[in-house]
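For reference, the structure is listed below as structure tokens.
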Amino acid sequence: MTVLTGAAVFSSAAFAAELTAEFADPSWDGKVIPEGQQCQEFDGQGATPPLHLSGLPDGTNAVLLLFNDEDYEPLSTDGGHGIIGFEIEPVNGATQLPAVPGGTTDMPEGIWLEAENRDDIGEVGYLAPCSGGEGNLYSVQILAVRYLNEEQYEILAEGYLQLGRY
């Protein structure tokens, strides 16, 4: 699979399946963003949480994570805090995704920045939770996809995980 660096064209299956996502790090509980996992603006070194995904359909060759701040309208949908892609080869319909640092466009091999965050504070790449402790709710929309070519993919399954409040 070719790693993409630009926005892809969505092609959705008529009835995408539902996948299951769980935190692979116990410091993430879905209620409160762990200490230090906020953006650099507020003295954090935030990274995405490592995740365990299951229920991935046959043919899945990538996962897209769309990070959002549900309480801040400009960044509340469509990956407002950034979209990160992972090249995967599921085993028995499951895979583990590693943590990826925020505030950078330098991604590990097999991982790419599908879209940068849409905020204007100057941080690039994935923007970790950044409300300054105002209690905003952060989440990730998860898409299991099959890339058809370098610009199109089919959504095979979807999931959602609440990251917590900061």
(request) Looking for whichever is under 14 Å from Asn68 (Cβ atoms) and among the β-branched types (Val, Ile, Thr) here; the options are Ile155, Ile111, Ile121, Ile142. Which one fits? (result) Ile142
(message) List the residue pairs whose Cβ atoms are under 9 Å apart, where the first residue sits in segment 147-166 and is on the phi > 0 side of the Ramachandran plot, the second is acidic (Asp, Glu), and the two are 6 or more positions apart or on different chains.
(response) Gly164/Asp29
(request) Considering each of Gly102, Gly135, Gly125 in turn, give the residue that is crowded, with 16+ Cβ neighbours inside 10 Å, out of contact with any helix residue (DSSP H, G or I) (no Cβ under 9 Å at 6 or more places or on another chain) and small (Gly, Ala, Ser). (result) Gly125
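Each row is one residue, and each column tells you yes or no for (1) more than 22 Å from Met107 (Cα to Cα); (2) surrounded by 14 or more Cβ atoms within 10 Å (Cβ to Cβ); (3) not polar (S, T, N, Q).
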position	(1), (2), (3)
Pro26	yes, no, yes
Lys31	yes, no, yes
Gln38	no, yes, no
Glu41	no, yes, yes
Thr48	no, yes, no
Leu53	no, yes, yes
Asp58	yes, no, yes
Leu65	no, yes, yes
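Is at least one residue of segment 71-78 buried (at least 22 other Cβ atoms within 10 Å of the Cβ) and either over 14 Å from Gly159 (Cβ atoms) or not polar (S, T, N, Q) (or both)? Let's see the steps before the verdict.
Here is the first cut: in segment 71-78, the residues buried (at least 22 other Cβ atoms within 10 Å of the Cβ) are 75.
The next check asks that each one be either over 14 Å from Gly159 (Cβ atoms) or not polar (S, T, N, Q) (or both); those that pass are 75.
Within segment 71-78 (the criterion being buried (at least 22 other Cβ atoms within 10 Å of the Cβ) and either over 14 Å from Gly159 (Cβ atoms) or not polar (S, T, N, Q) (or both)), the answer is yes, since at least one residue qualifies.
Do we find that Asp43 is in contact with a helix residue (DSSP H, G or I) (Cβ under 6 Å, 6 or more places away or on another chain) and either under 24 Å from Asp120 (Cα atoms) or of a type outside the set (D, E, K, R) (or both) in this structure?
Details: in contact with a helix residue (DSSP H, G or I) (Cβ under 6 Å, 6 or more places away or on another chain): no; either under 24 Å from Asp120 (Cα atoms) or of a type outside the set (D, E, K, R) (or both): yes.
Answer is no for this residue.
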(request) Just one of (1) at pLDDT below 95; (2) crowded, with 22+ Cβ neighbours inside 10 Å trips up Glu151, so point out which. (result) (2)
(request) Give Leu161, Leu143 a once-over and let me know the one that is within 13 Å of the chain's Cα centre (by Cα), of a type in the set (A, V, I, L, M) and buried (at least 22 other Cβ atoms within 10 Å of the Cβ). (result) Leu143
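The values are calculated or read from the model by the stated rules, or taken from the named source; none is laboratory data. Just so we're clear, the structure is a prediction, and the values are computed from it rather than from any experiment. Neighbour counts run over all protein chains shown; Cβ positions are idealised from the backbone, glycine included.
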